[in-house]
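Report on one structure; see the data block that follows.
The values are calculated or read from the model by the stated rules, or taken from the named source; none is laboratory data. No experiment lies behind these values; they were computed from the predicted model shown. Don't worry about glycine lacking a Cβ; one is built from the backbone with ideal geometry, like all the others, and counts go over all protein chains shown. Keep in mind that these areas ignore ligands, DNA and RNA; they rest on the heavy atoms of the full protein, side chains included. Shrake-Rupley method; radii C 1.70, N 1.55, O 1.52, S 1.80 Å.
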Amino acid sequence: MTAMVKAEGVHKSYGAAHILKGIDLEVAPREVFCLVGPSGSGKSTFLRCINHLEQINAGRLSVDGRLVGYREKGDKLYELKDSEVAAHRRDIGMVFQRFNLFPHMTALENVMEAPVQVKGEAKAVARARAERLLDRVGLADKAGNYPSQLSGGQQQRVAIARALAMEPKLMLFDEPTSALDPELVGDVLDVMRGLAEDGMTMIVVTHEMGFAREVGDALVFMDDGVVVEAGNPRDVLTNPQHDRTKAFLSKVL
Amino acid sequence: MTDKFDKAPAEEPPEDSPVAKGAATTAVTAPPEQIKAIPVRHWGRWVSGVIVVALLGTLVYAFAQGNVRWDTVGDFIFDDRILGGMGRTLLISVLSMAIGLVLGVVFAVMRLSKNPVTGAVAWLYIWFFRGTPVFVQLLLWFNLGLVFEYVNLGPVYKDEMVDVMTPFMVALLGLGLNEGAYMAEIVRAGIQSVDEGQTEAAHALGMNNSKTMRRVVLPQAMRVIVPPTGNEFINLLKTSSLVAVVSYVDLTRAAQNIGSTSFAVMELLLVASVWYLVLTSIFSVGQFYLERRYARGSLRTLPPTPWQKVKANMLSLTSPRGV
């Protein structure tokens, strides 16, 4: 079985700032893969590299057997054209910390936008799916609302529905609950739990250790641009081996 | 609206309310005595009001005394030549604005592009057309025939410059290209005001750059672009009077023509002013509704239209403690 995401010695730097210092990891299909670690450890940057919002400087990164951002011919790498990058991204859904819903569109229009504009799907088909997805995230009655008329938790659930509308084979979550009031976190995590049960491959950058322990299949603890510890979430969270992991977990648990 | 009215009486609870009764058992029965104080007299307001009214009266008196034949103003206000001139003023303003909008978007995108050549060209265009007076630009177009005798597009088109550069073309190019430079800066500011997360979200969904620009960035930039654009158009409507120098017969030129032949210069200029005021007033209203449309999604409740305001004011007149 090929890995859904495979990283080998991935490096990323912005000028002099070396953010990722050689990341090796593998995400299996249907796996819920949690990335945890202190802020500035590079977990969000790594997530953004996976759908080429950031370009890696060294190493190899592939999604579903295809290199991210490059085509390999012989022993040479060719940069992909913008249109090819866009085509790759269709299969990867992303949910942002700050939701990033389109504020000039209603919830329904947000969810319909990509299938209609990117895949050229008929509006009726896209609308039917959008309604189904909004229903699934528990917001069928908010279809006509603009994002500014929704709470943070509702906005994030619309954002999840929007990403699902492209029927991706991989979902990236970049601290999806960090910008939410504590009492709204549960609704979003419930939706994510449902997705995991349906077998979606998910990479989740999170500080919700409860979610990681309960839903996660694998967990990686990152610090200062490297993977410090990896394994089964229940093992890592209850019995961390590395001092740095212990120190971090003692603060967040 | 209504809840404000509902709250109003609560400030003086009626005596038979449960609160008042509860209070009665412990102490006072009467409602608290209203403070009766002598209000501050704002003498300054009275004085300044009187002075302003007096000055205004003097001005009106001066014009009434002045040698203005008001009936002539009335005679010419619906004159065919004036109305025709106004039509051409409108036409040239609308077309120039259309050119300005298209050029503005194109040059704004060019300036923001990663290509250094297009960026530099856009910068040069804006630098020249914003840095020289429209008046000079109009004269430049008008006299283009002095340096280029022919417009020669090879097999496609060839004509003498003086035939191509009609007053209409000169006015259109002069105003349109100038407007484009200003619009480019307005559009650029609008595009830059849209959060980067929006572009990222669109890209993450698989949208390419042009779709992202058209579907996600520009509609949001419009909220920032529309208000100054409305100002630009109203400005353009008035600046268009400069085209009189290149013999385009707009409202101003028509008024001048009639004025100089009928020895009613001032009267005809007043006629022109009336029509300029009418046009700018109409477009100000249009601007309000346009802004309201692009505020969708960014405001939870849209600002009331003037009609809604009137209705609200009528309501507040009938209630004792209106807003």
Q: Mind counting the residues in the stretch A:100-121 that are under 21 Å from the mean Cα position of the chain (by Cα), within 8 Å of chain B (Cβ to nearest Cβ) and among the polar types (S, T, N, Q)?
A: 1
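Conditions (1) part of a loop (DSSP other than H, G, I, E, B); (2) closer than 26 Å to A:THR2 by Cβ, marked per residue:
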| site | (1), (2) |
| --- | --- |
| A:SER83 | no, yes |
| A:GLY93 | no, yes |
| A:GLN97 | yes, no |
| A:GLU131 | no, no |
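From the residues in the stretch B:205-218 that are assigned to a helix (DSSP H, G or I) and within 7 Å of chain A (Cβ to nearest Cβ), which one is least open to solvent (accessible area, probe 1.4 Å)? Spell out how you get there, then give the answer.
Let us first name the residues in the stretch B:205-218 that are assigned to a helix (DSSP H, G or I), namely B:209-218.
Then drop every residue that is not within 7 Å of chain A (Cβ to nearest Cβ), which leaves B:209, B:211, B:215-216.
Values: B:ASN209: 84, B:LYS211: 49, B:ARG215: 85, B:VAL216: 0 Å².
By that ranking, first place goes to B:VAL216.
Can you tell me which residue within the stretch A:142-162, out of those that are closer than 14 Å to A:ARG129 by Cα and in a helix (DSSP H, G or I), is nearest to the other protein chains (Cβ to nearest Cβ)?
Initially, the stretch A:142-162 is screened for residues closer than 14 Å to A:ARG129 by Cα, giving A:143, A:158, A:160-162.
Pick out the ones that are also in a helix (DSSP H, G or I) and you get A:158, A:160-162.
Details: A:VAL158: 12, A:ILE160: 12, A:ALA161: 12, A:ARG162: 7 Å.
So the residue we want is A:ARG162.
So how many residues does the stretch A:53-78 have that are within 14 Å of chain B (Cβ to nearest Cβ) and assigned to a loop (DSSP other than H, G, I, E, B)?
Taking the stretch A:53-78 as the starting set, the residues that turn out to be within 14 Å of chain B (Cβ to nearest Cβ) are A:53-55, A:63, A:68-69.
Narrowing the set further to residues that are assigned to a loop (DSSP other than H, G, I, E, B) leaves A:53-55, A:68-69.
Here the count works out to 5.
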Q. Looking at (1) in contact with a Phe, Trp or Tyr (Cβ under 7 Å, 6 or more places away or on another chain); (2) open to solvent by 40 Å² or more (accessible area, probe 1.4 Å), which is the one condition that is false for A:ARG30?
A. (1)
Q.
Looking only at the stretch A:190-242, how many residues end up being open to solvent by less than 10 Å² (accessible area, probe 1.4 Å) and either under 22 Å from A:GLY93 (Cα atoms) or among the aromatic types (Phe, Trp, Tyr) (or both)?
A. 14
Q.
Six or more apart or on different chains, Cβ atoms under 8 Å: show the pairs whose first residue is in the stretch A:7-22 and closer than 12 Å to A:GLU54 by Cα and touching a residue at least 24 places away in the same chain (Cβ under 8 Å) and whose second is of a type in the set (S, T, N, Q) and assigned to a strand (DSSP E or B).
A. A:ILE19/A:SER13; A:LEU20/A:SER13
**Q.** Subset of the stretch A:86-99 that is within 8 Å of chain B (Cβ to nearest Cβ) and of a type in the set (A, V, I, L, M, F, W, C) - its residue that is nearest to A:PRO168 (Cα to Cα)
**A.** A:ILE92
Q | Test for A:MET209: is it at pLDDT 95 or above and either closer than 20 Å to A:LEU189 by Cβ or of a type outside the set (A, V, I, L, M, F, W, C) (or both) | A | no
Q: Give the residue, chosen from B:VAL109, B:VAL68, that is assigned to a loop (DSSP other than H, G, I, E, B), in contact with a helix residue (DSSP H, G or I) (Cβ under 9 Å, 6 or more places away or on another chain) and surrounded by 10 or more Cβ atoms within 10 Å (Cβ to Cβ).
A: B:VAL68
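Mind telling me which of the residues B:ALA202, B:ALA181, B:ALA189, B:ALA221 ends up being open to solvent by less than 30 Å² (accessible area, probe 1.4 Å) and more than 14 Å from every other protein chain (Cβ to nearest Cβ)?
On the way: B:ALA202 fails: more than 14 Å from every other protein chain (Cβ to nearest Cβ); B:ALA189 fails: open to solvent by less than 30 Å² (accessible area, probe 1.4 Å); B:ALA221 fails: more than 14 Å from every other protein chain (Cβ to nearest Cβ).
Result of the check over B:ALA202, B:ALA181, B:ALA189, B:ALA221: B:ALA181.
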Q: Exactly one condition in (1) open to solvent by 100 Å² or more (accessible area, probe 1.4 Å); (2) under 20 Å from B:ALA272 (Cα atoms) is not met by B:ARG45; state its number.
A: (2)
